[in-house]
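Okay, structure first, notes after.
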Amino acid sequence: MSAVLAAVDLTPFNTLALPGRAAAYLKITDPGQLTVEALQDTRRFVLGGGSNLVLRGDFDGLLLHMAIGGRRLLREDAEAWYIEAGAGENWHGFVQWTLEQGWPGLENLALIPGSVGAAPIQNIGAYGLEVGERIHSLQVWDFKKKALITVDRKGCHFGYRDSVFKQHGWHTDGRMVIVSVVFRLPKAWQANCRYHDVAEELAARGIADPAPRDIAEAIVAIRQRKLPDPAKLPNVGSFFQNPVVSRDKCAALLAIHPDMPRYPQNDGRTKLAAGWLIEQAGWKGRDLGPVGMYEEQALVLVNRGGATGSDVERTMQAVQEAVRDGFGVELIPEPVFL
């Protein structure tokens with residue numbers, strides 16, 4: 001098993017490439033490491049792929065870097081396959097593997113960066129699918145109970161980019177550590193191509209009746225065009241959540257901006273496109289010091305080089321203020337701040 005290391009540089013472990021050090025660092029490759037008594041009474045933070053993290057500087061506690069691997073068909077019945085994956089598995093690699101095995105259902109979430117264990121915390125979603133729709137249960141180490149527990153889908157309290165782990169702060173205070181995830185992939189598969197970008201990409205490829213892999217490849221192509229490679233231009237993907245507003249607020253905005261993109265929700269509210277709001281507010285391709293909003297996709301905040309967590313927060317707040325002043329809408333950041 002890995003040993004606890006001191007004063008570890010965290011720059012390589014966050015895709016925004018922000019500087020910072022962890023006072024103590026432990027790579028978790030086996031759930032048994034979490035039971036060690038020395039880990040129980042210390043400040044902790046659990047790190048996955050670092051693709052949803054804004055590092056404010058040094059962290060004076062113990063950083064647990066999740067690297068538990070493994071993936072397998074747990075069981076199947078007449079209706080679904082149940083697939084288990086270790087929390088440290090790369091998310092996109094896992095999606096590709098399920099498709100290779102002939103188990104579709106996650107293809108709309110292809111090329112989202114990060115790890116399997118982080119996916120439920122954020123309830124990652126894209127192109128008409130949220131991961132919570134495919135999760136059956138989680139295996140979680142609870143530091144308070146000092147036990148490995150099972151949390152079913154209902155217990156996760158999934159919402160838009162939300163889960164019980166965010167609602168109670170369990171992911172930031174290190175009380176709960178997701179060890180593995182079980183996915184339920186229905187055998188009665190249906191293509192999910194209702195997003196215009198996906199339908200347009202498939203049409204351009206001459207595909208009228210797409211298979212799961214066709215959808216995955218189309219979405220990979222779309223994301224590669226829209227989003228910069230973090231290895232070349234550091235970023236965390238979409239930086240802000242798409243805001244959800246009341247029916248009256250949407251109507252008031254439409255009276256002024258009739259072409260405003262909007263997506264009606266089941267509860268009567270309307271989801272707006274944060275990227276469109278940011279672009280209309282004049283921030284697409286605009287920088288504030290070493291940090292700015294990407295010129296190809298206004299929703300993506302990028303580190304042009306040498307940025308710190310303070311630089312990111314300053315740009316974030318400037319964008320929020322511009323959208324608030326222009327539209328009366330509050331933008332909520334997606335990443336975790338440490």
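The values are calculated or read from the model by the stated rules, or taken from the named source; none is laboratory data. It should be emphasised that the depicted structure is a prediction, and the values quoted were computed from it without experimental measurement. Ideal geometry is used to build each Cβ from the backbone, glycine not excepted, and the neighbour counts take in all protein chains shown. Keep in mind that these areas ignore ligands, DNA and RNA; they rest on the heavy atoms of the full protein, side chains included. Shrake-Rupley method; radii C 1.70, N 1.55, O 1.52, S 1.80 Å.
Per-structure values
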quantity: Region 251-309: proportion of alpha-carbon pairs further apart than 20 angstrom, %; calculated: 40 percent
quantity: Relative contact order of region 255-294, pairs being alpha-carbon contacts under 8 Å that are 6 or more residues apart, as %; calculated: 22 percent
quantity: Only Lys, Arg (+1) and Asp, Glu (-1) charged, at Cβ; region 58-154 dipole about Cα centre in debye; calculated: 340 debye
quantity: Accessible area (Å², 1.4 Å probe, nearest 10) - E76; calculated: 100 Å²
quantity: Residues whose placed amide H lies under 5 Å from that of G20, excluding near-sequence neighbours; calculated: L10, T11
quantity: Karplus (6.51, -1.76, 1.60) ³J(HN,Hα), θ = phi - 60°, over region 253-259, in Hz, Gly and Pro reported as x; calculated: 5, 5, 5, 9, 10, x, 9
quantity: Ellipsoid semi-axes in whole angstrom, largest first, where each is sqrt(5λ) of the Cα gyration tensor of the chain; calculated: 31, 27, 19
quantity: Computed E for S2/I332 - FRET, C-beta separation, R0 41 angstrom, nearest 0.05; calculated: 0.70
quantity: Heavy-atom accessible area ranking, 1.4 Å probe, most first, across R56, R205; calculated: R56, R205
quantity: Amide H within-cut-off set for S137, under 5 Å, with H built and near neighbours excluded; calculated: V182
quantity: Rounded percent of accessible protein surface that carbon and sulfur make up, region 195-338, 1.4 Å probe; calculated: 46 percent
quantity: Compactness of region 170-257 as Cα Rg over 2.2 N^0.38 Å, two decimals; calculated: 1.56
quantity: Projected label distance in nm at Q190 and R213, using a 7 Å step from Cα toward the beta-carbon; calculated: 2.5 nm
quantity: Two-decimal Rg to Rh for region 1-142 - Kirkwood Rh, Cα set; calculated: 1.00
quantity: Region 1-101, accessible area per residue, ligands and nucleic acids excluded (1.4 Å, Å²); calculated: 45 Å²
quantity: Label point distance in nm, R304-A203, each placed 7 Å from Cα along Cα→Cβ; calculated: 3.7 nm
quantity: V291 long-range amide H proximity, modeled H, under 5 Å; calculated: R304
